[in-house]
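Below is one structure; the comments refer to it alone.
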Amino acid sequence: MVITKSRLVLGATAVTLSTIAVTSLGIHSRGQALFKASPKEIVDEVWQIVQRQYVDGTFNQVDWQAVRKEYLSKSYSNPQEAYKSIREMLKKLDDPYTRFMNPEEFKNMQVDTSGELIGIGITISQDEKTKQLVVIAPIEDTPAFKAGVLAKDVILKIDNKSTKGMDTNQAVALIRGEAGTQVSLTIQRDGQIKQLDIKRARIEIHPVKYSQKQTPAGNLGYIRLNQFSANAGKEMQTAIKDLESKKVAGYILDLRGNPGGLLFSSVDIARMWINKGKIVSTVERQGEAEKEEANGRALTDKPLVVLVDKGSASASEILSGALKDNKRATLVGTQTFGKGLVQSVRPLEDGSGLAVTIAHYYTPNGTDINHKGINPDVKVELTKEQMQELWLHERDKLATLQDPQFAKAVEVIGKKIAAKGTATAEK
């Protein structure tokens with residue numbers, strides 16, 4: 001999958017609450033055209049995109065032709081009336097991930113193309129069953145992260161306004177704002193309700209952090225990947241090459257709390273670890289599968305353990321699923337989020353935008369992880385107290401032997417390194 005001026009394909013189905021310029025992708029190019037579309041033409045443009053691309057050819061049992069007739073028979077005196085009809089039209093699909101964004105919402109949509117954003121730094125989604133707004137994951141070292149927001153938190157109120165019936169676009173409009181201003185989130189976690197007051201900020205994001213770790217298993221390369229942005233592949237390549245030059249014995253790749261991002265980024269990174277084999281297949285409504293495979297250019301074949309948890313979603317699941325199915329890595333942690341859908345983000349003629357679900361993705365073994373997630377090879381659950389200690393209060397313990405999931409990863413990789421050494425000696 002590639003980014004083009006007509007669409008941006010995302011592995012994630014979520015919205016990151018931030019403000020970011022997206023003109024670098026040419027994503028506003030059509031909205032800036034000399035031709036100005038009428039409100040009714042925008043309604044029809046949205047209908048046509050769904051008609052051509054939506055993943056389900058039955059449109060979730062909706063008579064899509066009748067929908068077109070209904071909404072194009074109306075008169076629209078201004079764009080706002082058209083936008084209201086578009087939202088009503090899309091709501092009939094009962095798919096929270098196929099959504100319309102007015103020009104302001106589209107402009108402020110985080111598409112992970114820059115190293116800097118303004119916001120609180122959380123990625124949210126709408127639960128398909130309960131329709132509640134759910135946090136996929138906070139971005140590490142952001143205001144939301146520091147305030148104590150955790151994956152799977154349910155957002156009940158934003159600045160005391162109930163989120164019942166609210167979609168992700170409406171939530172974004174309420175949560176985003178100027179750097180230095182404050183937003184209040186009322187969240188529900190494990191049956192308990194708490195209020196978090198969070199100050200918005202300008203956030204610089206580097207998707208990859210890495211270091212050497214001296215452990216009982218030897219000198220290891222530790223790589224933490226926070227999100228699959230456009231520059232994540234380049235930073236991952238730098239990390240692996242640098243750690244290879246330092247003769248590490250193996251790697252621990254940390255995908256905990258990684259909400260996903262760009263599909264091509266996950267494929268690009270998978271190819272750095274897998275030399276041969278299938279990575280992912282995406283299946284559109286015609287049943288045509290587009291397969292992505294390794295290209296024989298892996299940067300290392302050293303033992304690898306991947307850390308995952310319930311905040312590892314979408315593109316994280318593509319990467320961890322590929323590594324697991326190809327027996328390239330052992331997964332340690334807890335079940336992942338379960339996001340197996342692909343969206344295409346499209347600019348519309350008037351500068352607004354549409355995210356439409358276009359495909360399901362499957363792991364190399366043909367597993368559809370939507371709603372199910374990926375089960376780790378070695379399960380290590382953290383208690384609520386352990387999670388808060390590691391991720392909120394005593395961050396210096398994260399990725400140390402005082403981190404139970406990391407400690408287990410070290411134990412597992414120690415055995416893999418020893419086994420590889422024995423196999424080499426026997427040759």
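Counting neighbouring beta carbons within 10 Å and listing from fewest to most, the residues 162, 75 come out as 75, 162. Neighbours of residue 267, meaning other residues whose beta-carbon lies under 12 angstrom from its beta-carbon, give a summed charge of -1 when Lys and Arg score +1 and Asp and Glu score -1.
Could you size up the charge dipole of the stretch 116-204 around its Cα centre, putting +1 on the beta carbon of Lys and Arg and -1 on that of Asp and Glu, and report it in debye to the nearest 20?
320
All other residues whose Cβ lies under 11 angstrom from that of residue 253 are scored, Lys and Arg at +1 and Asp and Glu at -1, for a net of +2. The fewest-to-most ranking of 279, 120, 417 by surrounding Cβ atoms within 10 Å reads 417, 279, 120.
Beyond 22 Å in Cα-Cα separation lie the following of the pairs 152/372; 310/420; 131/194; 278/302; 157/194; 129/310: 310/420. Seen from residue 235, the other residues with C-beta closer than 12 Å to its C-beta sum to a net charge of +2, counting Lys and Arg as +1 and Asp and Glu as -1. For the chain, excluding the exposed loop sites themselves (GluC sites (Glu not before Pro), DSSP loop, at most 11 other Cβ atoms within 10 Å), the longest remaining stretch covers 1-177.
Spin-label pair residue 420-residue 301: with each label point 7 Å from Cα along the Cα-Cβ axis, the two points sit 1.0 nm from one another. In this simple spin-label model, placing a label point 7 Å from the Cα along the Cα-to-Cβ direction at both residue 388 and residue 368 gives a separation of 3.9 nm. Only the Cβ atoms of Lys and Arg (+1) and of Asp and Glu (-1) were treated as charged; on that basis the dipole of the stretch 181-239 about its Cα centre amounts to roughly 80 debye.
For residue 228, the residues 5 or more places off, or on other chains, whose built amide H falls under 5 Å of its own are 260, 261, 262. 3J(HN,Hα) along the stretch 343-357, derived from phi through the Karplus expression 6.51 cos²θ - 1.76 cosθ + 1.60 where θ = phi - 60°, amounts to 10, 10, 9, 10, x, 10, 4, 9, x, 7, x, 9, 9, 10, 5 Hz, with x in place of Gly and Pro. Inter-label distance, residue 246 to residue 378: 2.2 nm, where each label sits 7 Å from its Cα along the C-beta direction.
For residue 48 and residue 75, the FRET efficiency from 1/(1 + (r/R0)^6), where r spans their Cβ atoms and R0 equals 22 Å, is about 0.65.
Rounded to the nearest 20 Debye, what is the dipole magnitude of the chain about its Cα centre when Lys and Arg each give +1 and Asp and Glu each give -1 at the C-beta?
520
Couplings 3J(HN,Hα) of the stretch 179-192, computed from phi: 4, x, 8, 10, 10, 10, 10, 9, 10, 10, 9, 6, x, 9 Hz, in residue order, whole Hz [Karplus 6.51 cos²θ - 1.76 cosθ + 1.60, θ = phi - 60°; x for Gly and Pro]. Taking 0.36 nm per residue of separation and subtracting the Cα-Cα distance, full extension of the segment from residue 197 to residue 231 would add 9.1 nm.
Amide H contacts of residue 373 (H built 1.01 Å from N, in plane; Pro and chain starts excluded): 338, 339 sit under 5 Å, all sequence-distant by 5 or more or on other chains.
What the phi angles of the stretch 48-63 give under the Karplus curve with 6.51, -1.76 and 1.60, with θ = phi - 60°, is a coupling list of 5, 5, 5, 4, 7, 10, 4, 4, 9, x, 8, 6, 6, 6, 9, 6 Hz, glycine and proline written as x.
Helical runs assigned H by DSSP (4 residues or longer) give the chain a calculated mean residue ellipticity at 222 nm of -8500 deg cm²/dmol, each run adding -39500 (n - 2.57) before division by the residue total. Ordering 107, 339 by the number of other Cβ atoms within 10 Å of each residue's own Cβ, fewest first, gives 107, 339.
Quick note: the coordinates plus some simple rules give every number you see, no bench work behind them. Every value quoted in this text rests on a predicted model; they were computed, and no experiment measured them. As a convention, Cβ positions derive from the backbone with ideal geometry for all residues, glycine included, and neighbour counts pool all protein chains shown.
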